[in-house]
Amino acid sequence: MSLLRVNDIHTYYGRIHALKGVSLSVDEGEIVTLIGGNGAGKTTTLNTICGITPAASGSILLRDRDITRMRPYEIVQLGVVQSPEGRKIFTRLTVRENLEMGAFSRNDRDGVARDMEYVFERFPRLRERQKQLGGTLSGGEQQMLAIGRALMARPQILLLDEPSMGLAPLLVREIFDVITYLNRESGTTILLVEQNAQMALAIADRAYVLQSGYVTHADTAAALQNNETIKQAYLGG
Amino acid sequence: MTTTDATPVAPLGRRFIYKPRNWFLENTIRSPLRLVGLIFVVFIAYVALNNIVTGSYRIDQFARQTIFGLAQGSVYALIALGYTLVYGILLMINFAHGEVFMSGAYIGFFVITALQNSGFLYTNTGIALLITVFSGVLASVTIAVALERIAYRPLRNAPRLVPLITAIGASIALQQLFLRLFGVSTRRYPDVNFYVLPQLFPNLECHEVDGAEICRGLDLISGRYDVNVLGINLRILPIHFLVFFVALVMMAALWFYIQRTKMGKAMRAVAEDKSTAALMGVNVDRVIVTTFVLGAALAGAGGVLYALYNQQVTPFIGFIPGIKAFTAAVLGGIGNIPGAMFGGLFLGVVESVAPSMLGLSNQLKDVIAFSMLVLILIFRPTGILGEVLSHKKA
Ligand SMILES: Nc1ncnc2c1ncn2[C@@H]1O[C@H](COP(=O)(O)OP(=O)(O)O)[C@@H](O)[C@H]1O
Ligand SMILES: [Mg+2]
């Protein structure tokens with residue numbers, strides 16, 4: 001049984017048909033990556049899973065439970081947590097308040113405090129800056145905060161939308177290390193959207209390639225890394 | 001639910017940033033409007049100073065008017081907070097908020113009258129007043145929640161002009177509703193005597209009862225006392241201090257709620273970015289309703305306080321205070337909570353003090369209030385405490 005299964009979803013922005021029958025699945029403990037060019041529909045796929053841009057048709061199942069028509073906050077309560085594209089830190093909340101917002105749907109105070117401690121241990125910079133406003137952090141720190149904030153929700157499955165976007169190569173490495181660590185050590189299931197296909201495929205178990213709202217390839221990450229078409233289009237030849 | 005917006009838009013008016021080199025040049029030649037404003041400010045300051053020096057404006061007038069201004073300003077601040085809270089979250093001016101205030105005062109009238117008729121108002125004045133305030137709050141909250149659900153929520157994703165016009169329509173509809181239901185006639189809050197602290201004020205409100213003198217203490221609601229403070233003879237109305245004090249307590253409670261509680265933090269998160277707040281598990285609709293509830297509660301309490309010292313209640317009493325409070329919110333920086341508190345108090349005091357300080361008729365106080373708005377916006381387009389609107393909001 002897949003943890004998350006997306007069946008043939010169609011999503012529209014007004015008259016723009018952004019997803020034209022996207023299907024994918026993520027098993028427990030996997031890292032699955034979703035790659036594709038700009039405007040392919042990657043963000044829309046994540047937002048449709050999270051209920052932000054509901055699907056016009058198709059279905060989304062979390063452990064065989066239908067979440068297609070649920071509201072975003074209900075989906076979060078079930079453990080589907082997204083760290084959105086562009087990080088979307090609350091700039092006028094402090095670093096600590098940002099993390100508290102991540103834990104919004106939880107009521108176990110002690111657990112939240114423990115997880116906050118865990119995030120601070122994982123990202124010591126955030127502990128130093130916990131009283132600062134989110135908007136004062138650097139890009140790399142904001143990405144740490146965005147991931148930390150998502151972790152505060154204790155996700156069953158973590159959806160990451162382009163976590164490496166706009167970061168210096170050294171920071172990109174660090175972010176990918178964190179993602180791998182979360183998966184290997186904490187067993188967090190991850191659906192990773194990336195434009196940096198090379199690095200995404202390097203850490204993922206399986207991958208989907210999205211193009212103009214269609215899934216064009218679905219295979220193991222290793223197989224796609226050696227696929228000529230994919231190499232040409234996404235891996236720089 | 002709105003969709004995510006991927007491309008950041010350059011905020012309007014920030015595109016041509018240049019560092020001001022010369023304050024004088026900046027405010028005169030480069031910006032003729034500011035020059036006009038500056039001349040006007042200098043002129044006003046001259047007139048005021050002249051009136052003070054020649055003694056035609058006296059310190060006792062100033063003290064009395066400041067106290068009244070603080071009371072009036074407290075009511076403005078309580079209403080202004082509702083405008084600013086809703087604007088902060090929905091970027092919408094809830095023009096029916098004046099009517100939310102009015103409904104609190106109006107329903108409060110029925111309750112306090114009933115309490116008067118039952119005699120409870122005399123036997124348990126404090127509790128009766130609390131009940132009145134509470135029912136005013138309840139009425140305002142009910143109206144505001146209904147407004148949000150019926151008039152504004154269906155238009156959440158409509159162009160911004162649409163809910164604005166709807167709000168004006170809702171304002172008129174509510175006035176007319178109260179008019180048809182309860183008639184045009186002016187309702188009058190009863191005269192209430194609420195005596196407190198006889199130990200602290202042993203010489204106040206003394207009467208002969210069966211040959212013995214009994215002193216009942218300070219009359220908080222209807223009392224008027226001539227006192228001499230630092231050599232200035234003043235007539236003090238405790239109600240003005242009461243209104244100011246209650247408003248301060250409510251504003252402090254609001255501040256605590258917004259800064260410290262989980263819901264308050266969610267509110268700030270929703271104000272900044274609805275989609276991301278939803279991704280955190282926040283029920284955005286519930287936060288929006290809570291915002292309306294908070295704003296309405298403050299307005300309802302403000303309505304009853306206002307009616308306690310103004311006494312007159314009609315379906316139209318929301319209009320002028322509503323506009324004034326809106327002015328106060330813009331003055332302080334709309335969307336900014338301390339701005340609304342400060343703007344309200346500031347407007348109340350200026351409006352009360354300025355006419356006679358400038359040697360003008362008191363009837364010109366509205367002109368003064370709105371002129372001040374224009375003047376301040378010339379120099380600080382985002383209001384006194386307002387920040388430059390973040391591009392997420394624009
Ligand atoms: N808010 C929106 N309104 C209208 N069209 C949108 C919106 N967001 C995305 N789109 C369109 O939907 C398509 C998919 O976009 P998106 O999911 O953001 O792609 P990706 O994340 O792969 O870059 C694009 O054609 C884009 O122009
Ligand atoms: Mg995207």
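When you check B:Phe95 against the structure, is it more than 21 Å from B:Tyr257 (Cα to Cα), in a helix (DSSP H, G or I) and out of contact with any Pro (no Cβ under 9 Å at 6 or more places or on another chain), yes or no? So B:Phe95 fails the test.
The number of residues in the stretch A:37-60 that are within 17 Å of A:Pro155 (Cβ to Cβ) and more than 13 Å from ligand 1 (Cβ to nearest atom) comes to 2. Contact map, the stretch B:26-51: first residue farther than 16 Å from B:Ile368 by Cα, second residue of a type in the set (S, T, N, Q) and not in a helix (DSSP H, G or I), Cβ cut-off under 6 Å, separation 6 or more or different chains; pairs are B:Leu35/B:Thr28. Only one entry of B:Val184, B:Val229, B:Val192 meets the criterion of being in contact (Cβ under 8 Å) with a residue 40 or more places away in the chain and surrounded by 13 or more Cβ atoms within 10 Å (Cβ to Cβ), and that entry is B:Val192. Taking (1) crowded, with 18+ Cβ neighbours inside 10 Å; (2) assigned to a loop (DSSP other than H, G, I, E, B) in turn, B:Phe316 satisfies each apart from (1). Scanning the stretch A:37-51 for residues that are over 11 Å from the mean Cα position of the chain (by Cα), at the interface with chain B (Cβ under 10 Å from one of its Cβ atoms) and more than 9 Å from ligand 2 (Cβ to nearest atom) yields a total of 1. Checked against the criteria, A:Met116 counts as in a helix (DSSP H, G or I) and either more than 13 Å from chain B (Cβ to nearest Cβ) or within 16 Å of ligand 2 (Cβ to nearest atom) (or both). Within the stretch A:64-82, being within 12 Å of chain B (Cβ to nearest Cβ) and not aromatic (Phe, Trp, Tyr) holds for A:Met70, A:Arg71, A:Pro72, A:Glu74, A:Ile75, A:Val76, A:Gln77, A:Leu78, A:Gly79, A:Val80, A:Val81, A:Gln82. Kindly establish whether B:Ala139 is buried (at least 18 other Cβ atoms within 10 Å of the Cβ) and in contact with a Ser or Thr (Cβ under 8 Å, 6 or more places away or on another chain). Taking the combined requirement at face value, the residue satisfies it. Counted as qualifying within the stretch A:121-237 are the helices (runs of 4 or more DSSP H) with 3 or more residues that are within 14 Å of another protein chain (Cβ to nearest Cβ) and more than 16 Å from ligand 2 (Cβ to nearest atom), namely A:139-151.
Scanning the stretch B:191-209 for residues that are part of a loop (DSSP other than H, G, I, E, B) and either at negative phi or charged (D, E, K, R) (or both) turns up B:Asp191, B:Val192, B:Asn193, B:Phe194, B:Pro198, B:Gln199, B:Leu200, B:Phe201, B:Pro202, B:Asn203, B:Leu204, B:Glu205. Looking at the stretch A:98-113, which of its residues are part of a helix (DSSP H, G or I) and in contact with a Gly (Cβ under 8 Å, 6 or more places away or on another chain)? Across the stretch A:98-113, the qualifying residues are A:Asn98, A:Leu99, A:Gly102.
In the condition set (1) within 15 Å of ligand 1 (Cβ to nearest atom); (2) within 30 Å of A:Glu141 (Cα to Cα); (3) in contact (Cβ under 8 Å) with a residue 40 or more places away in the chain, A:Val6 is compliant with all but (2).
Matching residues to (1) over 30 Å from A:Val81 (Cβ atoms); (2) crowded, with 23+ Cβ neighbours inside 10 Å; (3) free of Cβ contacts under 8 Å to residues at least 40 places away in the same chain:
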{"residue": "B:Gly264", "(1), (2), (3)": "no, no, yes"}
{"residue": "B:Phe292", "(1), (2), (3)": "no, yes, no"}
{"residue": "B:Leu298", "(1), (2), (3)": "yes, yes, no"}
{"residue": "B:Gly332", "(1), (2), (3)": "yes, yes, no"}
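Listed by first and then second residue, the pairs linking a residue in the stretch A:161-179 that is at positive phi to a residue that is within 16 Å of ligand 1 (Cβ to nearest atom), with Cβ atoms under 7 Å apart and 6 or more places separating them unless they lie on different chains, are A:Glu162/A:Glu85; A:Glu162/A:Val193; A:Glu162/A:Glu194; A:Glu162/A:Gln195.
Rundown of residues vs (1) charged (D, E, K, R); (2) within 14 Å of ligand 2 (Cβ to nearest atom), yes/no style:
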position: A:Leu4; (1), (2): no, no
position: A:Tyr13; (1), (2): no, yes
position: A:His17; (1), (2): no, no
position: A:Ser23; (1), (2): no, no
position: A:Glu30; (1), (2): yes, no
position: A:Thr53; (1), (2): no, yes
position: A:Ala56; (1), (2): no, no
position: A:Thr68; (1), (2): no, no
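When the stretch B:212-265 is examined, which residues are found to be within 14 Å of another protein chain (Cβ to nearest Cβ), of a type outside the set (Val, Ile, Thr) and within 24 Å of the chain's Cα centre (by Cα)? Scanning the stretch B:212-265 gives B:Gln259, B:Arg260, B:Met263, B:Gly264, B:Lys265.
Read the figures in this text as sums done on the coordinates, not as results from a lab. Everything quoted here is computed from the prediction, not taken from an experiment. Backbone-built Cβ (ideal geometry, glycine too); neighbour counts: all protein chains shown.
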